[in-house]
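Report on one structure; see the data block that follows.
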Amino acid sequence: MKIFVVKNKQFIGTLSEEIGKIRFVYNDEIPAGSYFQGLKEKENISSNLFPIFENMLPEFEQLNFIKAQNNISTQIEVLLYLTDIHGSYEFYTQNDIEKLELQKQNIFNFIDTKEEILDNNYTFPNILDYSLSIDDSILYPNGLANSKVIGLSGYQYKFSIIKDDINKTISYDETKNSNYFMKPYSKFYTSYMPNEKDRSYIPYLLINEHLFMSLARDFGFSVPYNGIIKHDSDYHYIIKRFDRYGELKIDHHEILTLMNKNSDQKYKVSMREVLETAKMYISKEQLVELFRFIVFSVVIGHGDLHAKNLSLIYSSNKLDERAMQLSPFYDISTTKIYKDTKKNDVGLKIENRTSKVKKTDLLQLALCIDIDQNLVDNLIELTSKQFIDTFQTYIEKLPDSIKALPYHTSKYGGQKPFEAVLKEYYKNRVEDLYNNLLEKFNSHSIWE
Ligand SMILES: Nc1ncnc2c1ncn2[C@@H]1O[C@H](COP(=O)(O)OP(=O)(O)OP(=O)(O)O)[C@@H](O)[C@H]1O
Ligand SMILES: [Mg+2]
């Protein structure tokens, strides 16, 4: 089995697999300066799929599902079946590559086009009044719909969509070249089945994601345009791709790939390792922005912040581009509003802690990137206070139809409106912030 790898519409090299040995060999015309992240030799050999490719695969049951459906037995072959690949990578069989017309792409610079790419000037809440013309078989595919595929920690099911603003429709994108993708909600996790012990109840996850992506935007972080659309009892999520500029594509790497690690390690590395890796590629100013995002994540209780939920993006789509910067932020939500995921403040250890992260932990973490301790102190205070001062307005802005959505709390029929869940979350968060991050204002410490 041989797979032909294309990037930025250029044939780069071949992947092959024989008796468990995976080999990637560059095409003779590719200069060493254009070699991939983690594949630095002309010929590279490993017993596991190289992280740059492995991190493009869906995880767990979704991966097994694709393998079973297509009778796949090798590690590399599954790359041929990926529908929504990051950036500009493409994978072909020998037959298909021969038919392909490859041509060099126009070059663009990410910074110059960033505002246009992000297009994030929407008003919160951005509830799309579009008709959804996507089949249930795509929204909730057989074999996935009732399985545990879609979860906070798993790799959520998603696909490319066409957002037609003239006819106000959202439809499935067969070409996979559109600038938007959708995460549909999971029927499995939105159904309340208290007697099924291994089923978590995670309703309104995508309202949650839209709310916290919007909060991040308003805190000054770069995030792409995103919105939600109602469908039956819950909402699907739509997001603009930051790795596309019209027809052109640009690449980014998740931090885990930059660490040369595979996806099973995404919760296992520490936040310090994340910062130390980023430090090798980005400016001091950008590192401070990344650190500020980590503080923001602790403040909101983003328990799913792991090493694949942060990325660096190349400065341009040139094949030999090496310069990188922070990519826009994505996949932001709070895990604190769900019973099974409420413990963690963040997904990776900050000085040995993922819950009850303290100001001193963040100060300690900041030492590894040489940020001034007063600046860190200020960042923590400003971020916490902005959350305390503004979060309630986000709840108020939600329409009654969302505020009133039922959130089940007991098998005896107990439920409360989603608005009450968010208000309770806010109250608990404020209490935690005073206890852990704003120590000097803590009523206990006044008496100590
Ligand atoms: N708007 C975007 N444009 C381009 N690439 C994106 C965008 N959002 C996410 N990605 C890429 O796709 C990957 C998966 O997206 P995302 O993190 O939103 O999915 P997920 O299934 O919720 O992940 P998780 O495994 O964390 O649950 C990201 O790690 C990132 O590399
Ligand atoms: Mg993610």
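The values are calculated or read from the model by the stated rules, or taken from the named source; none is laboratory data. These figures come from a predicted structure and were not determined experimentally. Methodologically, a virtual Cβ is constructed for each residue, glycine included, from the backbone with ideal geometry; neighbour enumeration extends over all protein chains shown. The accessibility values were calculated without ligands, DNA or RNA, using every heavy atom of the protein model including side chains. Shrake-Rupley method; radii C 1.70, N 1.55, O 1.52, S 1.80 Å.
Worth pointing out:
- Spans of helices (runs of 4 or more DSSP H) in segment 31-110 with at least 2 residues within 16 Å of ligand 2 (Cβ to nearest atom), farther than 18 Å from residue 3 by Cβ and touching a residue at least 40 places away in the same chain (Cβ under 8 Å): 60-69
- Test set (1) touching a strand residue (DSSP E or B) at 6+ places or on another chain (Cβ under 7 Å); (2) of a type in the set (D, E, K, R); (3) buried (at least 18 other Cβ atoms within 10 Å of the Cβ) - residue 42 fails condition number: (3)
- Being open to solvent by 10 Å² or more (accessible area, probe 1.4 Å) and more than 16 Å from ligand 1 (Cβ to nearest atom) is a description that applies to residue 364.
- Of the listed requirements (1) free of Cβ contacts under 8 Å to residues at least 60 places away in the same chain; (2) aromatic (Phe, Trp, Tyr); (3) surrounded by fewer than 22 Cβ atoms within 10 Å (Cβ to Cβ), residue 237 misses just one: (3).
Per-residue answers, yes or no, for (1) under 30 Å from residue 415 (Cβ atoms); (2) surrounded by fewer than 19 Cβ atoms within 10 Å (Cβ to Cβ):
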| position | (1), (2) |
| --- | --- |
| 309 | no, no |
| 341 | yes, no |
| 345 | yes, no |
| 388 | yes, yes |
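Condition check ((1) open to solvent by less than 10 Å² (accessible area, probe 1.4 Å); (2) over 29 Å from residue 241 (Cβ atoms); (3) not aromatic (Phe, Trp, Tyr); (4) not assigned by TED's automatic domain parsing to the domain that holds residue 192) across all residues:
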{"position": "328", "(1), (2), (3), (4)": "yes, no, yes, no"}
{"position": "331", "(1), (2), (3), (4)": "no, no, yes, no"}
{"position": "385", "(1), (2), (3), (4)": "no, yes, yes, no"}
{"position": "406", "(1), (2), (3), (4)": "no, yes, yes, no"}
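- The residue that is nearest to ligand 1 (Cβ to nearest atom), counting only those in segment 209-254 that are of a type in the set (S, T, N, Q) and outside any helix (DSSP H, G or I), is 226.
- Search result, residues across segment 338-360 that are within 16 Å of ligand 1 (Cβ to nearest atom) and either closer than 19 Å to residue 274 by Cβ or touching a helix residue (DSSP H, G or I) at 6+ places or on another chain (Cβ under 7 Å) (or both): 344, 346, 347, 348, 354
- Residue in segment 214-223 that is in contact with a strand residue (DSSP E or B) (Cβ under 7 Å, 6 or more places away or on another chain) and assigned by TED's automatic domain parsing to the domain that holds residue 118 present: no
- Hits in segment 170-188 - residues which are more than 26 Å from residue 249 (Cα to Cα) and touching a helix residue (DSSP H, G or I) at 6+ places or on another chain (Cβ under 7 Å): 185
- Pairs meeting the criteria (first residue in segment 366-383 and farther than 22 Å from residue 300 by Cβ and part of a helix (DSSP H, G or I), second residue among the basic types (Lys, Arg) and open to solvent by less than 90 Å² (accessible area, probe 1.4 Å), beta carbons under 7 Å, at least 6 apart or on different chains) are 368/272.
- Just one of the listed residues (249, 279) is more than 18 Å from residue 213 (Cβ to Cβ), touching a residue at least 40 places away in the same chain (Cβ under 8 Å), open to solvent by 40 Å² or more (accessible area, probe 1.4 Å) and of a type in the set (Lys, Arg), namely 279.
- On inspection, residue 341 passes the criterion of being at pLDDT below 95 and within 16 Å of ligand 2 (Cβ to nearest atom).
- Yes/no for residue 203 being assigned by TED's automatic domain parsing to the domain that holds residue 395, open to solvent by 30 Å² or more (accessible area, probe 1.4 Å), away from ligand 2 (no atom under 16 Å from the Cβ) and closer than 24 Å to residue 416 by Cα: no
- Hits in segment 292-325 - residues which are within 18 Å of residue 52 (Cα to Cα), in contact with a strand residue (DSSP E or B) (Cβ under 6 Å, 6 or more places away or on another chain), within 16 Å of ligand 2 (Cβ to nearest atom) and not polar (S, T, N, Q): 308, 312, 313
- When segment 410-427 is filtered for residues that are open to solvent by 50 Å² or more (accessible area, probe 1.4 Å) and at pLDDT below 95, the ones remaining, listed by number, are 411, 412, 413.
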